[in-house]
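Chemist: Take a look at the following structure, please.
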Amino acid sequence: MSYRPYQQILRRKSREIGVGKVRVGGDAPISVQTMTNTPTEDAQATIEQIRRCELAGADIVRVSCPTEEATAALHEIVREVNVPIVADIHFHYRRAIEAAEAGAACLRINPGNIGSKERVKEVVKAARDHGCSIRIGVNAGSLEKHLLEKYGEPNPEALVESALWHADHLLQEGFDEFKISVKASDVFLAVAAYQQLAEACDHPLHIGITEAGGKRAGTVKSAIGLGSLLWAGIGDTLRVSLSAEPEEEVSVGWEMLKSLHLRHRGVKIVSCPSCARQGFDVIRTVEKLEERLAHIQQPITLSIIGCVVNGPGEALMTDIGLTGGGAGTHMVYAAGKTDHTVRTEEMVEHIVGLVTAKAETLAAEARAAQEAAARAAAE
Ligand code: SF4
């Protein structure tokens, strides 16, 4: 979704694979992932967390499967949620086969680490039989011993060699429905590794800065790393790794894609930092609006600006605008034009009403377009 030549991002050409119903790579929209932190064996708690992630806009959710009880619970989890589920497996090839049988859409497993060629063959067969793709997930913190010995430390070359080594295990079995990640908690290392990997192959890339930290620091770090990659056209699906609830990771992932105009979901609020000129309390107003409008899925832009210095200009570029005026009366803009005024006391409720109405109109238009397309296809 680019609007001006200087806003264009040329995406790296990658092959397209499926993660259940979600396409990853090629021209498919960059998908947002997260990972549950409930015990997978507790199917109900995991289902509830996945549903909260779905509401926040997750396209794909990953679930750890460390035990046989976890892969057993996966049957119910997959049945009860809408998003495709990626089963996260380390070392245990049996868990991978069980997860494929349970309906996982994708297996996150490093084929080079699961043992003999026979075992790789069995996992690939299970993936094929059950329509699963695979993610090769290389991580600087768990690089193979032979690569650490060769390179002395986890560096970009070591990460890329590890990724291609694992990929080769799958390619030897004639399996190419996989994506790759080469994560590191160091932004420089992760970005350099992804840049090199992007040059070295055309497999779709799952990007992330691993163990990025808590909500604030991790968000900043991820935005620098993932932002650099996305801006350079690298990345087909992403996960923001925060020491915060998975819904939070999803929201941050979306904000990154929205900032780069790569995807747009929900209300994008343009707001000023506020100063002595503000006609209303901008900070508190934006806080309230963010909370009240978090459930909206339709792409809508909203400017909340404290005064006329920047208000009219920002309103020109947003669907709905609010600019602070004098004596507790503020201007509301519709599609960039002055429309009517509102008093401070009614302001939040009024803007929520306008955005909700706009979202309903957009949803009705989308439904009508879908129905028309379905009718045209049936004719
Ligand atoms: S738009 Fe107005 S209120 Fe907001 S920061 Fe700028 S001068 Fe201050």
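The values are calculated or read from the model by the stated rules, or taken from the named source; none is laboratory data. Computed from a predicted model, the values in this text were never measured in an experiment. Don't worry about glycine lacking a Cβ; one is built from the backbone with ideal geometry, like all the others, and counts go over all protein chains shown.
Chemist: I'd like the full set of residues that are more than 6 Å from the ligand (Cβ to nearest atom) and assigned to a loop (DSSP other than H, G, I, E, B), limited to the range 267-281. If you could, list the steps in order and put the result at the bottom.
Modeler: Of the residues in the range 267-281, the ones more than 6 Å from the ligand (Cβ to nearest atom) are 267-271, 276, 279-281.
Listed by number, the residues that qualify are Ala276, Gly279, Phe280, Asp281.
Chemist: Output yes when any residue across the range 328-345 is part of a helix (DSSP H, G or I) and modelled with pLDDT of 95 or more, and no when none is.
Modeler: As a first pass, look at the range 328-345 and keep what is part of a helix (DSSP H, G or I): 344-345.
Right, trim to modelled with pLDDT of 95 or more and you get 344-345.
Yes, because at least one residue in the range 328-345 is part of a helix (DSSP H, G or I) and modelled with pLDDT of 95 or more.
Chemist: So, in the range 296-330, exactly how many residues are under 20 Å from His261 (Cα atoms) and not hydroxyl-bearing (Ser, Thr, Tyr)? Even if it seems obvious, please write down each step before you answer.
Modeler: Our first condition is that a residue be under 20 Å from His261 (Cα atoms); within the range 296-330, this holds for 296-304, 313-321.
Within this subset, residues satisfying the condition of being not hydroxyl-bearing (Ser, Thr, Tyr) are 296-300, 302, 304, 313-317, 319-321.
Qualifying residue count, the range 296-330: 15.
Chemist: Still on this structure, please answer the following. On the given criteria, is Lys288 closer than 30 Å to Val63 by Cα, more than 16 Å from the ligand (Cβ to nearest atom) and not in a loop (DSSP other than H, G, I, E, B)? Lay out the reasoning, then the answer.
Modeler: On the way: closer than 30 Å to Val63 by Cα: no; more than 16 Å from the ligand (Cβ to nearest atom): yes; not in a loop (DSSP other than H, G, I, E, B): yes.
Taking the combined requirement at face value, the residue does not satisfy it.
Chemist: May I ask you to list the residues in the range 70-114 that are surrounded by fewer than 20 Cβ atoms within 10 Å (Cβ to Cβ), among the charged types (D, E, K, R) and under 25 Å from Glu247 (Cα atoms)?
Modeler: Glu76, Arg79, Glu80
Chemist: Looking at the range 185-208, which of the residues that are under 16 Å from Arg135 (Cα atoms) and of a type in the set (A, V, I, L, M, F, W, C) is nearest to the chain's Cα centre (by Cα)? Walk me through it before giving the result.
Modeler: The initial filter retains those residues of the range 185-208 that are under 16 Å from Arg135 (Cα atoms), namely 194, 197-198, 201-208.
Still in the running and of a type in the set (A, V, I, L, M, F, W, C): 197-198, 201, 205, 207.
Numbers: Leu197: 20, Ala198: 19, Cys201: 22, Leu205: 13, Ile207: 10 Å.
Selected residue: Ile207.
Chemist: Looking at the range 197-253, which of its residues are in a strand (DSSP E or B) and charged (D, E, K, R)? Full working, then the answer.
Modeler: Taking the range 197-253 first, the residues in a strand (DSSP E or B) are 205-207, 237-239.
Listed by number, the list holds a single entry, Arg239.
Chemist: May I ask you to say which residue of Glu211, Glu249 is in the same structural domain as Val86 (by TED's automatic domain parsing), closer than 22 Å to Ala140 by Cα and at pLDDT below 95? Working first, answer last.
Modeler: Numbers: Glu249 fails: at pLDDT below 95.
None of the other options fit; the residue is Glu211.
Chemist: Restricted to the range 291-324, and to residues that are among the charged types (D, E, K, R) and away from the ligand (no atom under 11 Å from the Cβ), which residue is modelled with the lowest pLDDT? Break it down stepwise before answering.
Modeler: Taking the range 291-324 as the starting set, the residues that turn out to be among the charged types (D, E, K, R) are 291-292, 314, 319.
In the following step, the residues that additionally are away from the ligand (no atom under 11 Å from the Cβ) were identified as 291-292, 319.
Working: Glu291: 94, Arg292: 97, Asp319: 97.
Filtering the range 291-324 for residues that are among the charged types (D, E, K, R) and away from the ligand (no atom under 11 Å from the Cβ), the one modelled with the lowest pLDDT comes out as Glu291.
Chemist: Kindly indicate which of Glu173, Glu144 is at pLDDT 95 or above, out of contact with any strand residue (DSSP E or B) (no Cβ under 6 Å at 6 or more places or on another chain) and assigned by TED's automatic domain parsing to the domain that holds Thr219. First the steps, then the outcome.
Modeler: On the way: Glu144 fails: at pLDDT 95 or above.
After applying the criteria, what remains is Glu173.
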